[in-house]
Structure formats: structure tokens, C-alpha cells
Amino acid sequence: MSAAEWHVVAFTLRVAALSTLLIAPLGVGVAWLLARYRWPGKSLVETVVTLPLVLPPVATGLLLLKLVGRRGPLGQLLDRAGVDVVFTWRAVVLAMMAMSFPLLVRGCRVAFEEVNVRFEQVARTLGASDWRVFLTITVPLALRGIVGGLVLAFARAIGEFGATIVVAGNIPGRTRTLALAIYDDVQLGHDDAAFRLLGVAAAIAFVALWTSEAVLRRRGAPR
Amino acid sequence: MKLELDGVSFPLAHFDLDVTARLSSITTGIFGPSGAGKTSLLEAIAGLRRPRRGRIVLDDRVFDDGDVHVPARHRRIGYVPQENALFPHMSVLRNIRYGAADAPVYECVRVVEIEHLLARRVTTLSGGEQKRVALARALVTAPRLLLLDEPLAGLDRALHGRILDYLRRIRDELRVAMLYVTHDPEELAGIAEETVVLERGRVVAVGKTAEVAGRPIISPGGP
Amino acid sequence: MRRLILLFVLLFPTLASAATLHVSAAASLTDVLQELAPIYEKHTGDTVLFNFGASSLLARQIQEGAPADLFISADELKMDSLQQRRLIVAATRRSILSNTLAIIVPSDSRVKIASPADLAGDSIRNLALAEPQSVPAGIYAKEYLRKLRLWQKIVFKVVPTDNVRGALAAVESGNADAGIVYKTDALISKLVRIAYEVPAAEGPEISYPAAVVADSKQPAAAQRLLDFLQSPRAQGVFRKYGFLVKPRQ
């Protein structure tokens, strides 16, 4: 593996980790709301959240491009603030966030739905605030599913391609991720290099899954 | 203890609950066939469920009245659900201490005789032991009222007497008022002075346990 | 009986020669070929289906066995690679067009580019090019900038796209401050303007070779189409779009 290839791997890991970190609070929160409450507009939120999962990834990339591109509603504000998004690492993080968010919400939502409401009810009668119930009862009991959701989101971010190439471009040294680098190698006929990077991608996924299992086992998280 | 229920009403699966009663004994039974709405009534009294209409007043504190709804965590009403709902990811001691803040828990532990169980994980306890832990946990907040939902359900007949003894100790030594929900009138004989009979969501009788609970249940299998 | 068949064939010429041709052509030819195709189809009754893309991608596809009857590349290198592998009918290969490069900016841009050297300035934060490692338009642009000793100064700004139309789109959207595409691409779009036109004499030698694909099931029909593309009628249309027409061999 060349230095350039290691750089691509390191870059991909960094942006994927940042992406997962950024969606974690919102994803867990939205999953919680969807699991526990009914409210007007809930189906709309459910649909919007699931959209990146069912649309072609390049379509999601297009929507992001229209949003944060220099002429887009958000893009204009960012441009005035001097912040470039399209064709920079920020767009890579954005694409990863959009594509992995639905997976995180799904995983966490199922985990929350499996936590018996009775535990939360008893905790409330014992004087716990909603926050305390959430942090000391709900999350620990749902932890396996939450961690699973986060790992899945991270893995999805690592593998993200379609939306990334549309909104961030495939710029060596700036936005070329592992997935884009494999694509380039395939395009140029460098199959050996493509397989090398493929091996690295698989190794990352393996390590991520193994780590999450080990962490959960140590906590003795109840089934 | 003075509990006023005025037209407390909300929809259940097959009918509406509509309860009016004034209770002042230190231990009151709530008796009725399964499906009569007993558990839902307890949830409303505990503040876990908001009635559609009606007033709930305990010891001259208004807990529910039209727009007013005091959340469960401020009511200091203990709740022991039928399935106990002991927090599976915590030890016995941590379960008991959950509602305690800095208050000492010794009295609660002593009255149900579980000193020897404190370090155990709750999932390793027998049915009777779990019930006693659930009682101790609820008592830690020095509740104004303790709600017991079918406390003897799922326990061996041989244990019934023992658990009832502990409940009598709670009543006599700790002077904690209790609402005891059951479908078996014989349980109430030695412990509740007054009993409310509930059928299809409505109060059909209130009075001394011996007189009222002696009546046969009109619809034994439920609605 | 034979007279009946002859009558049948004469009355319904389409039945006798209806071919469906798959043409893989460089992205920069998209608009001009889409104007020429219906003319050809009406005359001959053939159907022409296009696959537009970067010549590097198209060559790779043909290599992997994608169905194509005619291949029109934007540079000789891609055609060479197919010829080496005997994937084209060498005898049918000829260069039919040329083109020139243009530096473009979004039409509402206020940036001034008096010469290519201005691309190194701060007001150009990024420069859209077709992938300079493989796509002809990008290779030509890189070659040109290298010749002017500008490549090292701007390489970090380059936003590579899959094909030349991608570079055009990036500038059209305003997300790229400038781009280098073929003049013919710039002329198509109202959303960009040509800031600097590279004179043919200064720019790289651009050549569009075309050839019948070796595995074609209708080589005769493909040849007919290729001949049509070099007819005076077709050449007129090419010129209209800004292409330089190579004389027929």
C-alpha cells in the first residue's frame, strides 16, 4: 500500500467517525421520539428520515447539492459566511451523515421499542426526571441496539459513494474516500490496487463489528 | 390517607373507565375481574397516564383536574407493578437506591428482610424475593400511597401468607397507605379494611371488605 | 414468386435493412449526434441508440464486451488501446473531427480571465476538469497547462469529473469558479461564458477517431453510419456546433 492509499484510508476513517459522531445525538433522539410517542406529522418525519435509504444514493446527493451548492438556499448563507461545502471534506461528511442517518434511527428505534415501558414508568414514580429515566434506564437497556445502530451507521459512512461523488466530487487528496478510490482504480484498470483497498475496507468493517461486540460483552448488557 | 377520585375517566379497549370514590382507609382493596380497568386506574393515580376527564386529589393535593396534571415524579406515589419491573441491569441495592437520593434505605430493606440479597443481580432472584425487592424499592421515597397491582400473582400459594405478612408490616410498622388491586377477594380479607369493587370500568360497590368483597363476580371471565 | 418478393422489398425498404445500431460516443458529441441521428434514421430506416460518456469509460466497456457497433473517441489513445486488443476493425478507423479548448466561467461570474495564467489567481478557488488521468478532455487540458508551466500552480484546485459534461455542469451550477472544456461544450450552454478561447495553434492536437467495433453484428450498417458522419450534410452540422471537420480520406 502506498502513502497515498494510506492517506485515503486515514481520511475516510476520520470523516466517517466525525459523521457518526455528529448524527448520534439527533439520531438517538429522533429514534426515541418515533419509538415512544405519537404526534401530528409523525409519518412525514418517518418518511423523510427513511428517504435516503430508498432513494438512489446519487439522488440524495443531488438533493444535498441543490441545498448546499453555492446557489442553493443553505449554500448562499454558507458562502456569505465564507464557508465552502461543495467539493470539500465538509460535503463528504454531509453525504455520509445523510446516508447513514436512517440506519442509525432504525437500529435505535427498534432497540427503544424493545425496552419495556414499565421500567420507565417505575423510574418516574421513583422521582426520576425524564432525562434521568432516559440516561439511566432507557439507554442502558437499549444499549445493544444503539451500539449496533452506530456501528452500522459508521460502516455505511465508510462505504458511501453515490451521494459523495455528486456533492463532494472525487478530488484526490481532498475528497477521495476509500470507496471513490476503489472506483478510480477500477476505472483505470488497476484491479490489484482496487482489491487491496477492498481488503482494507473489509478489515475496517470487521474491526468495527468486533469492537462493538467486545464493548457490549464487557458491560454485561442484558439481552 | 385521603384519596378522592371524581369522574376519573378514559377510554379502554372495550369500554370507558369512569370512577368516582372517596377512600380514607390505610389499606384499600380494589377488586374486580380481569379487564375491569384496575391496572389503568392505578396508572392514572400514579400519574403515569393522564385521564381524559376527572379529578384526582390525594391528601388535599390536586394531582389531576382538567388542565392540571402533576407528573408522576412529583407525586411520591409508589408503584409495584404486577411483573415487578426490577431494573435488570442493576443490582438489588442499586434498584432500591434508585429513588433514594441520599436518604437511608435501611428501614425499607429491613421491613421485607432482604439484607442478604443486596449484592445480587435481580435476574437471579426467586419470585418472592423479587416482590420483596420491588416493595423495598417503592418504599424508599417514603410514599404517601403505595399502589400494588396483583402482588401475589405468579407466586406459589405457599408464599402468599408470607408476602401478606410483609404487607401488614409495611402497613403497621411504616404506616404506609396502600391500594391493593386483585381479582381474588380472599386476599383482601386480612389486609384491606375498605374495598372498591370495579366492573367494566365502573364502581359498583364501596364498603367494608367483608361485606363487599364477599359478592360473587358477575362476569368471571372478563368482558 | 421472385417478382412478388422484389415488389415487397421495394415497397417496404425498412423491412429489408432495418438495423439497430449501438454507438458509443464521447460525451462532447452528445448534442450534435442527437441532432444528426434522426436525419440518418429517416433516410435509412435504421435506429441509432447512443451511449455517451467519457471515452475512457466507453473503451473499458467495449473491452469488457459491452455491445457497440461504432465507437467515436475523443482521443487517439483510447482507440489505440482497443486496436491493440483487436477490438476494432482497423481498416475502418479514421479521424473525423477536431476541437479546441475553452476556459469557461459561470455566466454571472465577475472574475476576469485575460489569459490562462489568471487561473492561478486567488479568485479561482477551484477548477473543474474532466479527470485528467484518463478522460481525453482532461488529458488535453493538463497537457495544455503543462506546456504553459501552469499545471503545478493549479493542480491543487482541480475538481476532476467523470467526463467533460460533468466539468461543464460544475461551472454551470456555480460550484466551480472556472473550468476547461471543449469550445463546443461551452457553446451549448447558456449558463457559462467563454472567458478565454485557446487558439487551435496553441492548444493540443485534438482528434476524434471513429471505427467500427470488431464484434459488431451489423458492420455494414455501422460503416454506412460512419460514412454519413463524413458526408457534407453531416459536416455542416458539426461545423454549426463549433467542431473542426477533418477531410474525408
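Within the range C:152-241, considering only strands (runs of 3 or more DSSP E) that don't extend past its boundaries, which have at least 3 residues that are in contact (Cβ under 8 Å) with a residue 24 or more places away in the chain and closer than 30 Å to A:A181 by Cα?
Working: elements: C:158-161, C:178-182, C:192-197, C:208-212.
Answer list for the range C:152-241: C:158-161, C:178-182.
Do you know which residues across the range B:1-37 are charged (D, E, K, R) and within 20 Å of B:A210 (Cβ to Cβ)?
B:R22
What residue, of A:T175, A:T164, is at pLDDT 90 or above, buried (at least 18 other Cβ atoms within 10 Å of the Cβ), among the hydroxyl-bearing types (S, T, Y) and not in a helix (DSSP H, G or I)? So that I can check it myself, show each step before the final result.
Working: A:T164 fails: not in a helix (DSSP H, G or I).
The conditions single out A:T175.
Would you point out the residue of the range C:191-236, among those that are within 22 Å of C:Q63 (Cα to Cα) and charged (D, E, K, R), that is nearest to the chain's Cα centre (by Cα)?
Per the stated criteria, the residue is C:D215.
Looking at B:R132, is it away from chain A (no Cβ under 14 Å), at pLDDT 90 or above and part of a loop (DSSP other than H, G, I, E, B)? Spell out how you get there, then give the answer.
Working: away from chain A (no Cβ under 14 Å): yes; at pLDDT 90 or above: yes; part of a loop (DSSP other than H, G, I, E, B): no.
No; evaluated as a whole, the condition is false for this residue.
When both residues are 6+ apart or on different chains and their Cβ atoms are under 9 Å apart, which pairs have a first residue that lies in the range A:84-107 and is within 13 Å of another protein chain (Cβ to nearest Cβ), and a second that is surrounded by fewer than 24 Cβ atoms within 10 Å (Cβ to Cβ) and hydroxyl-bearing (S, T, Y)?
Listed pairs, sorted by first residue: A:V86/C:S173.
Scan the range A:23-74 for residues that are among the aromatic types (F, W, Y) and either without any contact (Cβ under 8 Å) to a residue 24 or more places away in the chain or at positive phi (or both) and report the count. Give the derivation first.
Keep residues of the range A:23-74 that are among the aromatic types (F, W, Y), which gives A:32, A:37, A:39.
Adding the requirement that they be either without any contact (Cβ under 8 Å) to a residue 24 or more places away in the chain or at positive phi (or both) leaves A:37, A:39.
Total satisfying the criteria: 2.
Taking the condition of being farther than 16 Å from C:L244 by Cβ and either of a type in the set (A, V, I, L, M, F, W, C) or in contact with a Ser or Thr (Cβ under 8 Å, 6 or more places away or on another chain) (or both), how many residues in the range C:195-217 meet it?
Number satisfying all stated conditions: 6.
In the range B:24-38, which residues are over 17 Å from B:R144 (Cβ atoms) and modelled with pLDDT under 90?
Passing the criteria: B:F31, B:G32, B:P33, B:S34, B:G35, B:A36, B:G37, B:K38.
Going through the range B:80-105 one residue at a time, which ones are within 20 Å of A:W131 (Cβ to Cβ) and not hydrophobic (A, V, I, L, M, F, W, C)?
Within the range B:80-105, B:H89, B:R94, B:N95, B:R97, B:Y98, B:G99, B:D102 qualify.
Restricting the search to the range A:108-118, which residues are within 14 Å of chain B (Cβ to nearest Cβ), in a helix (DSSP H, G or I) and surrounded by fewer than 19 Cβ atoms within 10 Å (Cβ to Cβ)?
Here is the first cut: in the range A:108-118, the residues within 14 Å of chain B (Cβ to nearest Cβ) are A:111, A:114-118.
Then keep just the ones that are in a helix (DSSP H, G or I); that gives A:111, A:117-118.
If the condition is that a residue be within 14 Å of chain B (Cβ to nearest Cβ), in a helix (DSSP H, G or I) and surrounded by fewer than 19 Cβ atoms within 10 Å (Cβ to Cβ), then A:V117, A:R118 are the ones that fit.
Considering only the range B:98-116, state which residues are on the phi < 0 side of the Ramachandran plot and at the interface with another protein chain (Cβ under 10 Å from one of its Cβ atoms). Show your work before the answer.
Here is the first cut: in the range B:98-116, the ones on the phi < 0 side of the Ramachandran plot are B:98-100, B:102-112, B:114-116.
Correct list: B:Y98, B:G99, B:A100.
Restricting to strands (runs of 3 or more DSSP E) lying wholly in the range B:48-95: which have 2 or more residues that are more than 11 Å from chain A (Cβ to nearest Cβ)? Give the derivation first.
Values: elements: B:53-58, B:61-65, B:77-80.
Result: B:53-58, B:61-65.
Filter the range B:1-23 down to residues that are assigned to a loop (DSSP other than H, G, I, E, B) and at pLDDT below 90 and give me whichever is surrounded by the most Cβ atoms within 10 Å (Cβ to Cβ). Write out each step before concluding.
Let us first name the residues in the range B:1-23 that are assigned to a loop (DSSP other than H, G, I, E, B), namely B:1-2, B:12-15.
Narrowing further to those that are at pLDDT below 90: B:1, B:12-15.
On the way: B:M1: 18, B:L12: 16, B:A13: 8, B:H14: 11, B:F15: 14.
Of everything passing the filter in the range B:1-23, B:M1 is surrounded by the most Cβ atoms within 10 Å (Cβ to Cβ).
Filter the range C:128-141 down to the residues that are within 13 Å of another protein chain (Cβ to nearest Cβ) and either among the small types (G, A, S) or surrounded by fewer than 24 Cβ atoms within 10 Å (Cβ to Cβ) (or both) and list them by number.
C:A128, C:A130, C:P132, C:Q133, C:S134, C:G138, C:I139
If you scan the range C:167-182, which residues turn out to be buried (at least 24 other Cβ atoms within 10 Å of the Cβ) and either among the charged types (D, E, K, R) or at the interface with another protein chain (Cβ under 10 Å from one of its Cβ atoms) (or both)?
The initial filter retains those residues of the range C:167-182 that are buried (at least 24 other Cβ atoms within 10 Å of the Cβ), namely C:167-168, C:170-171, C:175-176, C:178-182.
Residues satisfying the conditions are C:A170, C:N175, C:A176.
Pairs under 7 Å by beta carbon, first residue more than 12 Å from every other protein chain (Cβ to nearest Cβ) in the range A:175-200, partner in a helix (DSSP H, G or I) and of a type in the set (S, T, Y), six or more apart or different chains?
Between residues of the range A:175-200 that are more than 12 Å from every other protein chain (Cβ to nearest Cβ) and residues that are in a helix (DSSP H, G or I) and of a type in the set (S, T, Y), the close pairs are A:T177/A:T12; A:T177/A:T164; A:L178/A:T12.
Residue by residue through the range B:31-53, note down the ones that are of a type outside the set (S, T, Y) and within 22 Å of A:A123 (Cα to Cα).
Just the residues of the range B:31-53 that are of a type outside the set (S, T, Y), to begin with: B:31-33, B:35-38, B:41-53.
Scanning the range B:31-53 gives B:K38, B:L41, B:L42, B:E43, B:A44, B:I45, B:A46, B:G47, B:L48, B:R49, B:R50, B:P51.
So which residues in the range A:124-140 are free of Cβ contacts under 8 Å to residues at least 60 places away in the same chain, assigned to a helix (DSSP H, G or I) and at the interface with another protein chain (Cβ under 7 Å from one of its Cβ atoms)?
A:R124, A:T125, A:I137
Identify the residue in the range A:76-92 that is in a helix (DSSP H, G or I) and surrounded by fewer than 23 Cβ atoms within 10 Å (Cβ to Cβ) and, among all such residues, is farthest from the chain's Cα centre (by Cα). Please lay out each step first, then the result.
Narrowing the range A:76-92 to residues in a helix (DSSP H, G or I): A:76-80, A:89-92.
Narrowing further to those that are surrounded by fewer than 23 Cβ atoms within 10 Å (Cβ to Cβ): A:76-80, A:89-90.
On the way: A:Q76: 25, A:L77: 25, A:L78: 23, A:D79: 25, A:R80: 28, A:W89: 15, A:R90: 14 Å.
Checked the range A:76-92; the qualifying residue farthest from the chain's Cα centre (by Cα) is A:R80.
In the range B:35-64, what residues are of a type in the set (D, E) and either in contact with a Phe, Trp or Tyr (Cβ under 9 Å, 6 or more places away or on another chain) or on the phi < 0 side of the Ramachandran plot (or both)? Walk me through how you get there before you give the answer.
Let us first name the residues in the range B:35-64 that are of a type in the set (D, E), namely B:43, B:59-60, B:64.
The answer is B:E43, B:D64.
Scan the range A:23-56 residue by residue and report those that are of a type in the set (F, W, Y) and crowded, with 16+ Cβ neighbours inside 10 Å. Steps first, answer last, please.
Taking the range A:23-56 as the starting set, the residues that turn out to be of a type in the set (F, W, Y) are A:32, A:37, A:39.
Correct list: A:W32 only.
The values are calculated or read from the model by the stated rules, or taken from the named source; none is laboratory data. These numbers come from a predicted model, not from an experiment. Reconstructed Cβ throughout: ideal geometry from the backbone, glycine too, with neighbour counts over all protein chains shown.
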